Amino acid sequence: MRKLIVLALVGLLAQLVDGALGMAYGVTSSSLLLVAGLAPASASASVHLAELGTTLAAGAAHWRFGNVDWSVVRRIALPGAIGAFAGATFLSSISTEAAAPWMSGILLALGIYLLVRFARPLRPRTSNRSPRTAFLAPVGLVGGFVDATGGGGWGPVATPSLLVSGRMEPRKVVGSVDTAEFMVAGAASVGFLIGLGSEGFVLPTVAALLIGGLIAAPIAAYLVRIVPAQLLGAAVGGVIVLTNARTIMKAADVASGIRPIVYAFVVAAWALAITLSVRALRRTRRAAAAPAPAPVPVLDPA
């Protein structure tokens, strides 16, 4: 019972982060499930089945707060679903021993990406035009595949890609990516059901993650308007790197004397990323608060 309560808290915290940042529910949950000893395919399958409920609730909440661009959702969700089904089929077909370092490697890379991405200032919107389908389709396909094989990754791939495009408000990027994830989670769940059977889903884990996520979803949709993504992204990235570094070192049988050095390096890099993200956030706020330059008067030649 204590373990289920912990998993419910994991689901709650992961959904708070995901709903406010547009990423990291699957990455955070899967990382902690791997640490708890679940097989990679079962961990990813359980997280994606729970996401059917959490993403539906998150999408409804984001829609209510006006955070969704439905034209973007339509054009990114279908390629994402195709990629997720393919990724789930691939992960189901390989052994647990081979899958564990593969999945942790993907999660570690995504964690490092978050640290680097949010240590720098976020790019402001530069256009009111919606991203093109030629841009959204590959992002969805890759994001869906990485999401299923890594137990998470839809948000870390899709959200920064749309933010970097500079064509959408950050809150609409987060809301649209979260809403599209419902189809991605559904396609991944079907792929795992075909590849693993119903026994591949750890139902008590699914229920605990789902309960926590459902509680957090409406709160997160509101927090996206007020929580600085800059700081939150760097904080979550450090957690993901730390947890998956442990799994990879265990799979590689790294000497016990070296592991504390690696952990110390990760913590130092984490602290540096948070420091840089705070500085970037302050610079961004100062720039936004600075008064606009006065217009230059034009002399009348007459």
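The values are calculated or read from the model by the stated rules, or taken from the named source; none is laboratory data. These figures come from a predicted structure and were not determined experimentally. Cβ sites come from the backbone with ideal geometry, for glycine too, and all protein chains shown count toward neighbours. SASA here: full protein model, heavy atoms, side chains in, ligands and nucleic acids out. Shrake-Rupley method; radii C 1.70, N 1.55, O 1.52, S 1.80 Å.
Evaluating Arg75 against the criteria (1) modelled with pLDDT under 75; (2) touching a Ser or Thr at 6+ places or on another chain (Cβ under 6 Å); (3) open to solvent by 10 Å² or more (accessible area, probe 1.4 Å) leaves one unmet condition, (1). Which one is modelled with the highest pLDDT among residues in segment 232-281 that are open to solvent by 60 Å² or more (accessible area, probe 1.4 Å) and not in a helix (DSSP H, G or I)? Result: Ile258.
Against the numbered list (1) at pLDDT 70 or above; (2) open to solvent by less than 10 Å² (accessible area, probe 1.4 Å); (3) of a type in the set (A, V, I, L, M, F, W, C), Val116 comes up short only at (2).
State whether the residues of segment 185-203 include one that is open to solvent by less than 10 Å² (accessible area, probe 1.4 Å) and modelled with pLDDT under 80. The answer is yes; a qualifying residue exists. Take the conditions among the hydroxyl-bearing types (Ser, Thr, Tyr) and either modelled with pLDDT under 75 or open to solvent by 10 Å² or more (accessible area, probe 1.4 Å) (or both) and apply them to Ser176. Does it pass? No.
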